[in-house]
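Have a look at the structure below, then the notes.
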Amino acid sequence: MSFFSVDNLSINFGGIKAVDGVTFDVNKGEVFTIIGPNGAGKTTIFNLVSRIYQSTGGKLTFDGTDITNVPPHRIAALGIARTFQNIELFEHATLLQNLLLARHAHKKSNFFSELMFLPSVRRMELEHREAVEKAIDFLDLQQYRDSFIVNLPYGVRKVTELARALCTDPKLLLLDEPSSGLNVEETEDMAFWIQDIRNLLGITVLMVEHDMSLVSAVSDRVLALNYGRPLAMGTPGEVQSHPEVIRAYLGG
Ligand code: ATP
């Protein structure tokens with residue numbers, strides 16, 4: 001059985017079929033990337049997986065569980081984390097505070113039972129701190145730990161988004177255009193981080209990306225979409241040279 005599967009997924013917005021019968025499987029430990037021209041339905045698939053949108057048809061299965069109808073907070077608790085195309089961090093909090101907030105929000109527990117068991121609260125707090133510090137160290141963010149997000153370069157903020165997702169202990173990481181806004185050098189660094197996340201932490205990655213150098217560097221398999229429908233699936237090389245994909249990108 002595959003680790004994560006999308007079966008005949010669809011959603012309409014008014015008359016627009018934004019996602020129209022999309023099917024794919026992601027294997028454990030794989031980096032699987034969705035590409036496609038603007039408006040192809042890539043981000044909508046992420047919003048369906050993280051259950052921000054309710055599909056009009058199809059099925060989502062994660063780690064043996066049918067997640068088609070589970071609410072968004074349960075999705076996160078099951079181990080699916082995501083980053084956003086436009087960075088969503090608290091700008092007037094420090095990097096450390098952003099990560100601690102994310103970790104607390106993710107692992108929230110019952111306040112009254114916590115009051116009754118103060119030693120376990122302390123233990124939990126230590127665990128949260130440890131997970132956050134681990135993510136900071138892993139992504140080499142120590143020097144920015146106590147800086148306010150608003151004062152950090154854009155490239156560092158993008159890596160901070162990765163750290164925020166990592167400190168929630170995900171099994172599946174959804175990366176929405178990790179290279180957007182980055183220069184060539186920062187995009188190369190991003191490729192290294194994604195490879196490390198998969199190779200050293202064993203986290204499965206589902207990514208949406210435009211930059212084909214990043215796609216080729218990190219992806220095991222690629223799905224190309226156009227107008228919400230699958231065009232081609234295979235290795236990065238196979239998909240890039242597929243005639244339908246070339247036609248979609250050239251607008252022919
Ligand atoms: P881009 O590369 O530009 O981010 P994309 O492939 O991620 O594009 P989506 O954002 O998924 O594309 O959009 C797919 C289609 O669905 C577009 O036609 C878009 O206008 C439409 N769409 C997406 N979200 C909504 C919404 N909430 N309401 C109405 N239409 C929507």
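The values are calculated or read from the model by the stated rules, or taken from the named source; none is laboratory data. Remember, predicted model here, so these are calculated numbers, not experimental data. Cβ atoms come from the backbone with ideal geometry, glycine included; neighbour counts cover every protein chain shown. Each accessible area value is taken on the protein alone, full model and side chains, heavy atoms only, with ligands, DNA and RNA left out. Shrake-Rupley method; radii C 1.70, N 1.55, O 1.52, S 1.80 Å.
Observations, loosely collected:
- Test: residue in segment 158-177 that is within 16 Å of the ligand (Cβ to nearest atom) and open to solvent by 50 Å² or more (accessible area, probe 1.4 Å): no
- Selected residue [within 18 Å of the chain's Cα centre (by Cα), open to solvent by less than 20 Å² (accessible area, probe 1.4 Å) and away from the ligand (no atom under 15 Å from the Cβ)] from Ile75, Ile45: Ile75
- Hits in segment 203-252 - residues which are within 19 Å of the chain's Cα centre (by Cα) and among the basic types (Lys, Arg): Arg221
- If the condition is being of a type in the set (Val, Ile, Thr) and either closer than 18 Å to Lys42 by Cβ or in contact (Cβ under 8 Å) with a residue 40 or more places away in the chain (or both), then segment 159-186 contributes Thr160, Thr168.
- Qualifying residue in segment 140-147 (condition: touching a His at 6+ places or on another chain (Cβ under 7 Å) and assigned by TED's automatic domain parsing to the domain that holds Arg103): no
- Flag for Thr187 being out of contact with any strand residue (DSSP E or B) (no Cβ under 6 Å at 6 or more places or on another chain), closer than 23 Å to Ile136 by Cβ, of a type in the set (S, T, N, Q) and open to solvent by less than 60 Å² (accessible area, probe 1.4 Å): yes
Here is a yes/no grid of residues against (1) near the ligand (Cβ under 9 Å from one of its atoms); (2) of a type in the set (D, E, K, R):
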{"position": "Gly15", "(1), (2)": "no, no"}
{"position": "Asp20", "(1), (2)": "no, yes"}
{"position": "Val26", "(1), (2)": "no, no"}
{"position": "Gly36", "(1), (2)": "yes, no"}
{"position": "Tyr53", "(1), (2)": "yes, no"}
{"position": "Thr68", "(1), (2)": "no, no"}
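- Selection status of Asn8, assigned to a strand (DSSP E or B), away from the ligand (no atom under 11 Å from the Cβ) and surrounded by fewer than 21 Cβ atoms within 10 Å (Cβ to Cβ): yes
- Screening segment 208-231 for residues that are open to solvent by 10 Å² or more (accessible area, probe 1.4 Å) and part of a strand (DSSP E or B) and picking the one that is nearest to Val26 (Cα to Cα) gives Arg221.
- Flag if Arg82 is crowded, with 16+ Cβ neighbours inside 10 Å, among the basic types (Lys, Arg), away from the ligand (no atom under 12 Å from the Cβ) and closer than 27 Å to Val245 by Cβ: yes
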